[in-house]
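First the structure, in the form of structure tokens, and then the observations on it.
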Amino acid sequence: MAGKAAAPGTAVLLVTANVGSLFDDPENLQKNWLREFYQVVHAHRPHFLALHCQEFGGKNYEASMSHVDKFVRELLSSDAMTEYSRARVYLDEDYKSQEHFTVSALPSVESALGSFYFLHESLKNISQFDFKAKKYKKVTGKEIYSDTLESTPMLEKEKFPQDYFPECKWSRKGFIRTRWCLADCAFDLVNIHLFHDASNLVAWETSPSVYSGIRHKALGYVLDRIIDQRFEKASYFVFGDFNFRLDSKSVVETLCTKATMQTVRAADTNEVVKLIFRESDNDRKVMLQLEKKLFDYFNQEVFRDDNGTALLEFDKELSVFKDRLYELDISFPPSYPYSEDSSQGRQYMNTRCPAWCDRVLMSPSAKELILRSESEEKVVTYDHIGPSVCMGDHKPVFLAFRMAPGAGKRCQRHEGTPGETPLQHEEPRPPTAASTGPPARHR
């Protein structure tokens, strides 16, 4: 960037990543994942970087703790991140608490959240909100918070009420909120994980599916909580694994328009266990097989052609919140469920219908914070990471933009020096080999 005039605004990079696969196969997947992540950081050179992880630690957090520590150390100390002199890491490590984590009898539905925030050394006067003191505090050094996060005043952490889902013990799913003051503008960052489709057969029965209704209720709960009367309202970005799925009934009807359906039932219970869709002619070729955890369509290219955008018409779950949440146009393929084979970067598993589960959403007021360029230079990017590399079963999704100077709501009750100058920064430079001291760890 030498000799180039500094671009206006503050460079921001928001990333969401369901990383459960990385801890099931750390040797093969973590190296690829980190390399692709660092490439995006280098390409966009943000002043402020937020990484929201779901299923952090994998499906057995306690067994993966050594891999978790290694992953966190790598992020905080790698050469690619040396210019990020301040960091905050919040890890939901309270795996022994049944109230907050799923009991060990149900390891497959665990979902710890991990939130990482990196501040470039050139970024001045950024502060974070203390929800207990109700004022902003300066951010210095690198700190890691883990175990029980409920006692940490710099965030809000909630799990969804158990009575929402009496038939399930998905108690680890929920959200974590932090609030920041950047360029004298206040905004919330919310890490979220919503509920999955437990059965493809159940999801196919109705349009919209029963699971869509559960996610609708949970997301509505989150939005109501972050704009309630306890704190002054601020713009918000909500990014995580929403588990949004395509409308299954409509997708199947479209993909199998000329097919006949065969129903297979269990001999003992008469319960439907499999649906087979065959072409009416062409030797009755099988087009789709549907089971509880099987979605085997004969032609995966339909999900990759033109990045699958022809299927966006079936992506309907966000439409319920059209007045409360905004999203940039999607131009990347469905982010889930990719093969976890480290040699397969573009192949989907045949477990679920591919869908855009991982998203970066924002409030209408947050949309106004994004600096739009009148020139041809692209200043806003909404995309996925590692298009041709195995990143686990989810591809991370990111939003890169510049925050418009003077946009948004001014920060109130700021802890700082009277007469302090407003935010200042230089353009981030490529990383050097410099190192920083170890982060402080709070347990």
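The values are calculated or read from the model by the stated rules, or taken from the named source; none is laboratory data. Predicted model only: the values in this text are computed from it and were never measured. Cβ: placed from backbone, ideal geometry, glycine included. Neighbour counts: every protein chain shown. When the accessible area is computed, the model is the full protein with side chains, heavy atoms only, and any ligands, DNA or RNA have been set aside. Shrake-Rupley method; radii C 1.70, N 1.55, O 1.52, S 1.80 Å.
Residue by residue through the range 138-163, note down the ones that are more than 23 Å from the chain's Cα centre (by Cα) and open to solvent by less than 40 Å² (accessible area, probe 1.4 Å).
Val139, Gly141
Collect the residues in the range 244-270 that are touching a Leu at 6+ places or on another chain (Cβ under 9 Å), open to solvent by 70 Å² or more (accessible area, probe 1.4 Å) and farther than 21 Å from Pro333 by Cβ, keeping them in residue-number order.
Met261, Gln262 - these are the residues of the range 244-270 that are touching a Leu at 6+ places or on another chain (Cβ under 9 Å), open to solvent by 70 Å² or more (accessible area, probe 1.4 Å) and farther than 21 Å from Pro333 by Cβ.
Could you say whether any residue in the range 308-322 is open to solvent by 10 Å² or more (accessible area, probe 1.4 Å), at pLDDT 95 or above, over 21 Å from the mean Cα position of the chain (by Cα) and of a type outside the set (A, V, I, L, M)?
yes
Before we move on, is Arg278 part of a strand (DSSP E or B) and among the basic types (Lys, Arg)?
Values: part of a strand (DSSP E or B): yes; among the basic types (Lys, Arg): yes.
Yes: the conditions hold for Arg278.
Could you tell me whether the range 42-56 includes any residue that is of a type outside the set (A, V, I, L, M, F, W, C), open to solvent by less than 10 Å² (accessible area, probe 1.4 Å) and farther than 16 Å from His120 by Cα?
Within the range 42-56, one or more residues are of a type outside the set (A, V, I, L, M, F, W, C), open to solvent by less than 10 Å² (accessible area, probe 1.4 Å) and farther than 16 Å from His120 by Cα.
Please determine, by comparing only the residues of the range 47-63 that are within 18 Å of the chain's Cα centre (by Cα) and at pLDDT 95 or above, which one is farthest from Leu189 (Cα to Cα). Spell out how you get there, then give the answer.
Taking the range 47-63 first, the residues within 18 Å of the chain's Cα centre (by Cα) are 48-59.
Imposing the further condition that a residue be at pLDDT 95 or above reduces the set to 48-54.
Details: Phe48: 12, Leu49: 11, Ala50: 8, Leu51: 10, His52: 9, Cys53: 13, Gln54: 14 Å.
Restricting to residues being within 18 Å of the chain's Cα centre (by Cα) and at pLDDT 95 or above, the top hit is Gln54.
Go through the range 121-136 and report how many residues are of a type in the set (D, E, K, R), farther than 16 Å from Tyr84 by Cα and crowded, with 17+ Cβ neighbours inside 10 Å. Let's see the steps before the verdict.
Within the range 121-136, the subset of a type in the set (D, E, K, R) is 121, 124, 130, 132, 134-135.
Adding the requirement that they be farther than 16 Å from Tyr84 by Cα leaves 130, 132, 134-135.
So of that shortlist, the ones also crowded, with 17+ Cβ neighbours inside 10 Å come out as 130.
Looking only at that region, the number is 1.
Is there any pair linking a residue in the range 314-335 that is under 27 Å from Met391 (Cα atoms) to one that is among the aromatic types (Phe, Trp, Tyr) and surrounded by fewer than 16 Cβ atoms within 10 Å (Cβ to Cβ), with Cβ under 9 Å and at least six apart or on different chains, and which?
none
Please indicate, with yes or no, whether at least one residue in the range 175-187 is in contact with a strand residue (DSSP E or B) (Cβ under 8 Å, 6 or more places away or on another chain), crowded, with 16+ Cβ neighbours inside 10 Å and at pLDDT below 90. Show your work before the answer.
The first filter runs over the range 175-187 and keeps only residues in contact with a strand residue (DSSP E or B) (Cβ under 8 Å, 6 or more places away or on another chain), leaving 175-187.
Going one step further and asking which of them are crowded, with 16+ Cβ neighbours inside 10 Å, we end up with 175-187.
From what's left, at pLDDT below 90: 183-184.
Checked the range 175-187: at least one residue is in contact with a strand residue (DSSP E or B) (Cβ under 8 Å, 6 or more places away or on another chain), crowded, with 16+ Cβ neighbours inside 10 Å and at pLDDT below 90.
Against the condition open to solvent by less than 10 Å² (accessible area, probe 1.4 Å) and of a type in the set (Lys, Arg), how does Arg215 come out, does it pass? Walk me through how you get there before you give the answer.
Details: open to solvent by less than 10 Å² (accessible area, probe 1.4 Å): yes; of a type in the set (Lys, Arg): yes.
When the stated conditions are applied, Arg215 passes them.
Considering only the range 312-368, how many residues are in a loop (DSSP other than H, G, I, E, B) and β-branched (Val, Ile, Thr)? If you could, list the steps in order and put the result at the bottom.
First pass over the range 312-368, keeping only residues in a loop (DSSP other than H, G, I, E, B): 315-316, 322-325, 327-335, 337, 339-347, 349-354, 356-357, 363, 368.
Of the ones still in play, those that are also β-branched (Val, Ile, Thr) are 330, 351.
Result for the range 312-368: 2.
Select from the range 218-232 the residues that are open to solvent by 20 Å² or more (accessible area, probe 1.4 Å) and in contact (Cβ under 8 Å) with a residue 40 or more places away in the chain and write down the one among them that is nearest to Lys173 (Cα to Cα).
If we filter the range 218-232 for residues that are open to solvent by 20 Å² or more (accessible area, probe 1.4 Å), which is where we start, we get 221, 224-225, 227-232.
Add one more test, that the residue is in contact (Cβ under 8 Å) with a residue 40 or more places away in the chain, and what stays is 221, 225, 231-232.
Values: Tyr221: 13, Arg225: 15, Phe231: 23, Glu232: 26 Å.
Only one residue fits best here, namely Tyr221.
Could you grab the pairs with beta carbons closer than 7 Å, sequence gap of 6+ or different chains, first residue in the range 346-366 and within 26 Å of Val302 (Cβ to Cβ) and open to solvent by 10 Å² or more (accessible area, probe 1.4 Å), second one aliphatic (A, V, I, L, M) and assigned to a loop (DSSP other than H, G, I, E, B)?
Cys353/Leu246
Restricting to the range 394-409, name every residue that is part of a loop (DSSP other than H, G, I, E, B) and over 30 Å from Gln347 (Cα atoms).
From the range 394-409, those part of a loop (DSSP other than H, G, I, E, B) are 394-396, 404-409; that's our starting set.
If the condition is that a residue be part of a loop (DSSP other than H, G, I, E, B) and over 30 Å from Gln347 (Cα atoms), then Ala404, Pro405, Gly406, Ala407, Gly408, Lys409 are the ones that fit.
Tell me which of these Asp241 doesn't satisfy, since it passes every other one: (1) open to solvent by 70 Å² or more (accessible area, probe 1.4 Å); (2) within 27 Å of Trp180 (Cβ to Cβ); (3) among the acidic types (Asp, Glu); (4) in contact (Cβ under 8 Å) with a residue 40 or more places away in the chain.
(1)
How about the range 57-78: which of its residues are open to solvent by 20 Å² or more (accessible area, probe 1.4 Å) and among the aliphatic types (A, V, I, L, M)?
Of the range 57-78, the ones open to solvent by 20 Å² or more (accessible area, probe 1.4 Å) are 59-60, 62-63, 65-67, 69-70, 73-74, 77.
Across the range 57-78, the qualifying residues are Ala63, Met65.
Which is basic (Lys, Arg), in contact with a Gly (Cβ under 6 Å, 6 or more places away or on another chain), at pLDDT 60 or above and under 22 Å from Ala50 (Cβ atoms), of Arg410, Arg402?
Selected residue: Arg402, the only one of Arg410, Arg402 that is basic (Lys, Arg), in contact with a Gly (Cβ under 6 Å, 6 or more places away or on another chain), at pLDDT 60 or above and under 22 Å from Ala50 (Cβ atoms).
Do any residues in the range 103-131 that are at pLDDT 80 or above have Cβ atoms under 8 Å from those of residues that are of a type in the set (Ser, Thr, Tyr) and open to solvent by 40 Å² or more (accessible area, probe 1.4 Å), where the two are at least six apart or on different chains, and which pairs are they?
Close Cβ pairs (under 8 Å, with a partner that is of a type in the set (Ser, Thr, Tyr) and open to solvent by 40 Å² or more (accessible area, probe 1.4 Å)) amount to Ala112/Tyr95; Leu119/Ser85; His120/Ser85; Glu121/Ser85; Lys124/Thr421.
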